[in-house]
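A.B. asks: One structure coming up, written as structure tokens, with questions to follow.
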Amino acid sequence: MNKSKNYKASVKTIDRNKVYSVDEAVDLLKSVPQPKFDQTVEISCKLNIDPKKSDQMVRGSTILPHGTGKKIKIMVFCEPDKEDSAKKAGADYAGSDDYVEKITKENWLDFDYCIATPQMMKVVSRLGKVLGPRGLMPSPKTGSVTDNIEAAVNEAKKGKIDFRTDKTGCVHAGVGKVSFSKEALSENINEFIKALNSSRPAVVKGDFLRSVYLSLTMSPSIRIEG
């Protein structure tokens, strides 16, 4: 794959053998040549776990102090009598079987975050193969399966992000935009790392975070202190 001029220029400014502090890495990401759009700052963490073992799966959520910089579209699966209140709370879509059918037949996924009431999970579970791989499946562990729809919607709008390990034992997330101030980005990154550390399985011994990298949408990765 051909790399852009900005990417090639960024490579020259990054010492691939160095482990940077969060503040140093943020300074570096903000200093590299930027394209014409506001890039997402992405974090990738390799964990000291065996993703094949159920007792070592990592899943959680946190509210970033300064949000993600992205307008979040929210889907709420709920009973008909709760649809109006969900929309008043800020949900972009609210419904039940009609949306399940739309997702199943049309592969419609015009939302970024999904919430469901406990009663609706029997219906939503039919979408596991579609929502699961995309990180959209509601879960009690992240607070996205709840009867308190208003609170869940408000948290999502404020910058709540859910995270979970993939098949390789890594966690990936967007933690802001490069246009954010240095202080805002550093606070978001540190909050994410704190939340990830708090989700450490009890059976894991030794270092939990094997490596942590920051990058932009179109930049090389920078290794940071975990």
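The values are calculated or read from the model by the stated rules, or taken from the named source; none is laboratory data. Only a predicted model underlies this, so the values are computations on that prediction, with no experimental measurement involved. Cβ coordinates were reconstructed from backbone atoms using ideal geometry, including for glycine residues, and neighbour counts include every protein chain displayed.
A.B. asks: If you go through segment 89-99, how many residues are in contact (Cβ under 8 Å) with a residue 12 or more places away in the chain and surrounded by fewer than 18 Cβ atoms within 10 Å (Cβ to Cβ)?
C.D. replies: Number satisfying all stated conditions: 3.
A.B. asks: Suppose the filter is among the β-branched types (V, I, T) and under 14 Å from the mean Cα position of the chain (by Cα); does V175 pass it?
C.D. replies: yes
A.B. asks: How many of the residues in segment 190-226 are part of a strand (DSSP E or B) and not polar (S, T, N, Q)? Don't jump to the end; show me each part of the working.
C.D. replies: Filtering segment 190-226 for residues part of a strand (DSSP E or B) gives 209-216, 222-224.
Now narrow it down to the ones that are not polar (S, T, N, Q): 209-210, 212-214, 216, 222-224.
Adding up the residues that qualify gives 9.
A.B. asks: Could I ask something else about it? If the requirement is being surrounded by fewer than 19 Cβ atoms within 10 Å (Cβ to Cβ), out of contact with any Pro (no Cβ under 7 Å at 6 or more places or on another chain) and either part of a strand (DSSP E or B) or touching a residue at least 60 places away in the same chain (Cβ under 8 Å) (or both), which of these qualifies: K167, K129, K141?
C.D. replies: On the way: K167 fails: out of contact with any Pro (no Cβ under 7 Å at 6 or more places or on another chain); K129 fails: either part of a strand (DSSP E or B) or touching a residue at least 60 places away in the same chain (Cβ under 8 Å) (or both).
Of the residues listed, the single one that is surrounded by fewer than 19 Cβ atoms within 10 Å (Cβ to Cβ), out of contact with any Pro (no Cβ under 7 Å at 6 or more places or on another chain) and either part of a strand (DSSP E or B) or touching a residue at least 60 places away in the same chain (Cβ under 8 Å) (or both) is K141.
A.B. asks: Name every residue in segment 17-37 that is surrounded by fewer than 16 Cβ atoms within 10 Å (Cβ to Cβ) and not hydroxyl-bearing (S, T, Y), in order of residue number. First the steps, then the outcome.
C.D. replies: Within segment 17-37, the subset surrounded by fewer than 16 Cβ atoms within 10 Å (Cβ to Cβ) is 17-19, 21, 23-24, 27, 31, 33, 35-37.
Within segment 17-37, N17, K18, V19, D23, E24, D27, P33, P35, K36, F37 meet the criteria.
A.B. asks: Let me ask something additional. Is it the case, given these coordinates, that I72 is of a type in the set (A, V, I, L, M), modelled with pLDDT under 95 and either touching a Cys at 6+ places or on another chain (Cβ under 9 Å) or under 28 Å from C170 (Cα atoms) (or both)?
C.D. replies: Considered against the rule, which asks whether it is of a type in the set (A, V, I, L, M), modelled with pLDDT under 95 and either touching a Cys at 6+ places or on another chain (Cβ under 9 Å) or under 28 Å from C170 (Cα atoms) (or both), I72 comes out as yes.
A.B. asks: A further question on this structure: I'd like to check something: does segment 214-221 contain any residue that is closer than 30 Å to K82 by Cβ and not aliphatic (A, V, I, L, M)? Even if it seems obvious, please write down each step before you answer.
C.D. replies: Just the residues of segment 214-221 that are closer than 30 Å to K82 by Cβ, to begin with: none.
Within segment 214-221, not a single residue is closer than 30 Å to K82 by Cβ and not aliphatic (A, V, I, L, M).
A.B. asks: Which of the numbered conditions does L136 fail, given that it passes all the others? Conditions: (1) in a loop (DSSP other than H, G, I, E, B); (2) of a type in the set (A, V, I, L, M); (3) in contact with a helix residue (DSSP H, G or I) (Cβ under 7 Å, 6 or more places away or on another chain).
C.D. replies: Evaluating L136 over (1) in a loop (DSSP other than H, G, I, E, B); (2) of a type in the set (A, V, I, L, M); (3) in contact with a helix residue (DSSP H, G or I) (Cβ under 7 Å, 6 or more places away or on another chain) leaves (3) as the failure.
A.B. asks: I would also like to ask the following. Inside segment 22-125, counting only helices (runs of 4 or more DSSP H) that do not spill past its ends, which hold 2 or more residues that are farther than 21 Å from G143 by Cα?
C.D. replies: The helices (runs of 4 or more DSSP H) meeting that bar are 22-31, 97-106.
A.B. asks: Which one of these is crowded, with 19+ Cβ neighbours inside 10 Å and either out of contact with any His (no Cβ under 9 Å at 6 or more places or on another chain) or at pLDDT below 95 (or both): T104, T62?
C.D. replies: T62
A.B. asks: Please go through segment 185-226 and give me each residue that is hydroxyl-bearing (S, T, Y), farther than 22 Å from Q34 by Cα and surrounded by fewer than 16 Cβ atoms within 10 Å (Cβ to Cβ), ordered by number.
C.D. replies: We begin by selecting, within segment 185-226, every residue hydroxyl-bearing (S, T, Y); these are 186, 198-199, 211, 213, 215, 217, 219, 221.
Add one more test, that the residue is farther than 22 Å from Q34 by Cα, and what stays is 198-199, 211.
Selection gives S198 alone.
A.B. asks: Within segment 13-69, track down each residue that is within 13 Å of V212 (Cα to Cα) and polar (S, T, N, Q).
C.D. replies: Scanning segment 13-69 gives S21, S44, N48.
A.B. asks: In segment 182-211, what count of residues is obtained for those that are within 15 Å of the chain's Cα centre (by Cα) and among the β-branched types (V, I, T)?
C.D. replies: Residues that pass the stated criteria total 2.
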